[in-house]
Amino acid sequence: MSAIQIDGEHLDFELLYRVVFDGAKVELAPAARERMLASRAVIERLIESGDAVYGVNTGFGKLASVRISREQIGELQVNLVRSHACGLGAPLSEEETRAMLVLRANAIAKGFSGVRPVVAETLCQMLNAGVHPLIPSQGSVGASGDLAPLAHLAQVAIGEGEAIFQGRTVSGSDAMRGAGIVTLELEAKEGLALLNGTQAMLALLALGLRDAEIAADTADVAAGLSLDALRGSPAAFDQRIAAVRPYKGHVVTARNLRRLNHGSTIRESHRSTEKDKRVQDAYSLRCTPQVHGAVRDTVDHVRATLSVELNSATDNPLVFADSGEVISGGNFHGQPLAMAADQLAVALATLAGISERRVEQMTNPQTSLLPAFLIREAGLNSGFMILQVAAAALASEMKTQATPHSVDSIPTSANQEDYVSMGMGGARRIQPMLANLRNVLAIELLSACQGLDLLAPLRTGTEAQKAYEIVRAQSKMVDADRSLAPDIRAVERRIAEGAFSNVLH
C-alpha cells in the first residue's frame, strides 16, 4: 500500500486513524515540499535583511523585544525547545503520540511556517520507524499552542528527551540512532514552528471523537434492548414526530430504534395486558431520540470543528510566500478546540445520565413489571441492585468531569498571554469520561439482556437480537448472585471494539 501523502490540505479522520491505529506509512507530498521551500525563502531573505521578525531573531512571548544576533539564531531555537520541555504527569499513550506526530507534520506541510521540508520529513520518519516521544500529558494551557507537550515531541526530533522505541524507554538520541534517522539541526524559526500549535489537544479530541461516535451508536442499541425489557412503546419513535422537529440526530436515533425493535414479539404480547396501566413511558425511554439525538448533533458539531483544525496552520508568526510577508497572529489559540472539548464532555455525561436512568427503570420493580432487581428469588439474591449503584456513581462522577474548561483562564508569560483556553485540560478528561460511559452502557446492556431473559420465550427485534447475542457471548444469564465485575469488563471491551456500533452499520 502506498504511503499517505502529508500535504496540509487533505488529511481526514480516516487517514489519521490509519496512521495511528494501523501503522500506515506517511511521506511529505511533493506539492507540500514546494510550498515549504517558498515560505522558507521568505525567512531566509528576512534574515539577510536584518529586519526584526518575531521568533526568528527575537525572543519569545514577553521577551519579543529582545534582539538575537544572527550567530545565535540556531541556539535560540534549541533553547526554546529545551526550556519549554517541562511537561508533567502521566505520558500520553502511543496512539495519542502518533496522532500528535502526524498532525504536527501536516500543519507544517501546509507551507505557512517558514521551515525547511526536512522538519516535516523528520516527523514522518519518526512515525514510520515507530519512534514515539515520551510526552507528559500535563502542562499546557492551550493558548500559545500546546507548548510543553510539543516541546517534548521536538526534543526527540533534535536527539534529546526520551522516547519509546521497540517497546523500551530510551533516550531520544538512542531512539533516533536506532531508527537510522538523522536528528534535526534547528535553524531560524524551526523550534518555534514545532512548538506553536494545537496538535496535542487536537490529537486527544480526534481520537476521543472516534470513540464518542461508537458510544453514541452503542447507546442507541442499549436503549433498544431496554425498551423491550421494559415493554415500552415504540410509538414515540414514529418518523412523523421527528419530521415536525427535524433535528438530524433525532431522526437517526429514532430510525435506529425502529430498526432494532422491528419484529419484536414482546410489545405486542403486552399491549392489552390489564396489569400494565402505563399510558406513556418514562422520559428515559420515550425521549431517547430527543436526548440521544442532541448528543449526536453535538458530536457532529465537534467533528466539524476538528475537521477544520486537521488542515489548519496553527503556529505563529505565519509566512505568506505570495506576498513575502510574515504576520503575527493568534492561530495557536485553542479556544475552538477547548469549546469543542466542553461540548463533547457534556454529550458524554448526558448519555451516561440517561443510560443510568434506564437501568434504574429496569431494576426497580415499581417501574419494570419484572422481578425486583432483575433476579428470581430476590431477597436471597441481590441481583442487579449494585450494578445500578455503580452506574449512578459513574454518572455522577461524569457530571463533575463535564465542568467547562474553556471559560477558565489564568494569564501566563508575564500577562502577555492574558487569556488562555485551557483546551488541553478539556481534552485530557475525554478518555476517562469515555471509559466511564462505556462501563455505564455495559451495565445497561447486561441489565436489558437479563430483563429479556426474564421475558422468554418472547424475543426482542431481529436487529436487537444481534446485540443480545454479543452480550450473551460474554455473560450468561444471572440465575443466582455472582460477581458481575468481570462481565462488565468483558462487555465494555466489546463496546470499545465497536461490536455494538457495528449492529447499526
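The values are calculated or read from the model by the stated rules, or taken from the named source; none is laboratory data. It should be emphasised that the depicted structure is a prediction, and the values quoted were computed from it without experimental measurement. So basically every Cβ, Gly included, is an ideal-geometry build from the backbone, and we count neighbours across all protein chains shown. Please note that ligands, DNA and RNA were not included when accessible areas were found on the heavy atoms of the full protein model with its side chains. Shrake-Rupley method; radii C 1.70, N 1.55, O 1.52, S 1.80 Å.
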- Item | Only listed residue being acidic (Asp, Glu), farther than 23 Å from Ala347 by Cα and in contact with a helix residue (DSSP H, G or I) (Cβ under 8 Å, 6 or more places away or on another chain), chosen from Glu417, Glu360 | Glu417
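Would a scan of segment 134-148 turn up a residue that is part of a helix (DSSP H, G or I), out of contact with any strand residue (DSSP E or B) (no Cβ under 6 Å at 6 or more places or on another chain), in contact (Cβ under 8 Å) with a residue 40 or more places away in the chain and not β-branched (Val, Ile, Thr)?
Yes, there is a match, as at least one residue in segment 134-148 is part of a helix (DSSP H, G or I), out of contact with any strand residue (DSSP E or B) (no Cβ under 6 Å at 6 or more places or on another chain), in contact (Cβ under 8 Å) with a residue 40 or more places away in the chain and not β-branched (Val, Ile, Thr).
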- Task: Could you check, for segment 261-283, whether at least one of its residues is hydrophobic (A, V, I, L, M, F, W, C), open to solvent by less than 20 Å² (accessible area, probe 1.4 Å) and at pLDDT 95 or above?
- Result: no
- Item | Test: residue in segment 382-390 that is outside any helix (DSSP H, G or I), open to solvent by 30 Å² or more (accessible area, probe 1.4 Å), touching a residue at least 12 places away in the same chain (Cβ under 8 Å) and over 19 Å from Ala143 (Cβ atoms) | yes
- Task: Could you figure out which of (1) buried (at least 16 other Cβ atoms within 10 Å of the Cβ); (2) more than 19 Å from Arg255 (Cα to Cα) isn't true of Ala464?
- Result: (2)
- Task: Using the structure shown, decide if Ser65 is without any contact (Cβ under 8 Å) to a residue 12 or more places away in the chain and touching a helix residue (DSSP H, G or I) at 6+ places or on another chain (Cβ under 9 Å).
- Result: no
- What is the one condition in (1) in contact with a Gly (Cβ under 9 Å, 6 or more places away or on another chain); (2) part of a helix (DSSP H, G or I); (3) under 26 Å from Gly111 (Cα atoms) that Gly197 does not satisfy? (2)
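Restricting attention to segment 470-499, which residues are in a loop (DSSP other than H, G, I, E, B), touching a residue at least 60 places away in the same chain (Cβ under 8 Å) and within 19 Å of the chain's Cα centre (by Cα)?
Within segment 470-499, Gly498 is the sole residue that qualifies.
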- Task: Considering every residue within segment 322-339, establish whether at least one is buried (at least 23 other Cβ atoms within 10 Å of the Cβ), part of a helix (DSSP H, G or I) and in contact with a Ser or Thr (Cβ under 8 Å, 6 or more places away or on another chain).
- Result: yes
- Looking at Ile375, is it in contact (Cβ under 8 Å) with a residue 40 or more places away in the chain, of a type in the set (A, V, I, L, M) and crowded, with 22+ Cβ neighbours inside 10 Å? yes
- Message: Here are the criteria: (1) over 28 Å from Ser328 (Cβ atoms); (2) touching a Gly at 6+ places or on another chain (Cβ under 9 Å); (3) touching a residue at least 12 places away in the same chain (Cβ under 8 Å); (4) open to solvent by 20 Å² or more (accessible area, probe 1.4 Å). Tell me which single one Thr169 does not satisfy.
- Response: (2)
- Query: Filtering segment 296-321 down to residues that are at pLDDT 95 or above and farther than 19 Å from Leu337 by Cβ, which residue is least open to solvent (accessible area, probe 1.4 Å)?
  - Reply: Val319
- In segment 12-22, anything under 19 Å from Ser93 (Cα atoms) and touching a residue at least 40 places away in the same chain (Cβ under 8 Å) is listed as Phe13, Leu16, Tyr17, Val19, Val20, Phe21
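When you scan segment 441-451, do you find a residue that is crowded, with 16+ Cβ neighbours inside 10 Å and within 24 Å of Glu96 (Cα to Cα), even just one?
no
Among the residues of segment 406-432, which ones are open to solvent by 50 Å² or more (accessible area, probe 1.4 Å) and assigned to a loop (DSSP other than H, G, I, E, B)?
Matches in segment 406-432: Val407, Asp408, Ile410, Pro411, Ala414, Asn415, Gln416, Asp418, Tyr419.
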- Message: Out of everything in segment 11-32 that is under 24 Å from Thr305 (Cβ atoms) and among the acidic types (Asp, Glu), what residue ends up being most open to solvent (accessible area, probe 1.4 Å)?
- Response: Glu14
- Message: For Thr122, only one of the following conditions fails: (1) open to solvent by less than 10 Å² (accessible area, probe 1.4 Å); (2) within 22 Å of the chain's Cα centre (by Cα); (3) at pLDDT 95 or above. What is its number?
- Response: (2)
- Working carefully through the options Ala448, Ala442, find the one that is more than 25 Å from the chain's Cα centre (by Cα) and either of a type in the set (Ser, Thr, Tyr) or closer than 21 Å to Glu469 by Cα (or both). Ala448
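In segment 33-51, which residues are open to solvent by less than 30 Å² (accessible area, probe 1.4 Å) and closer than 17 Å to Thr122 by Cα?
Correct list: Met36, Arg40.
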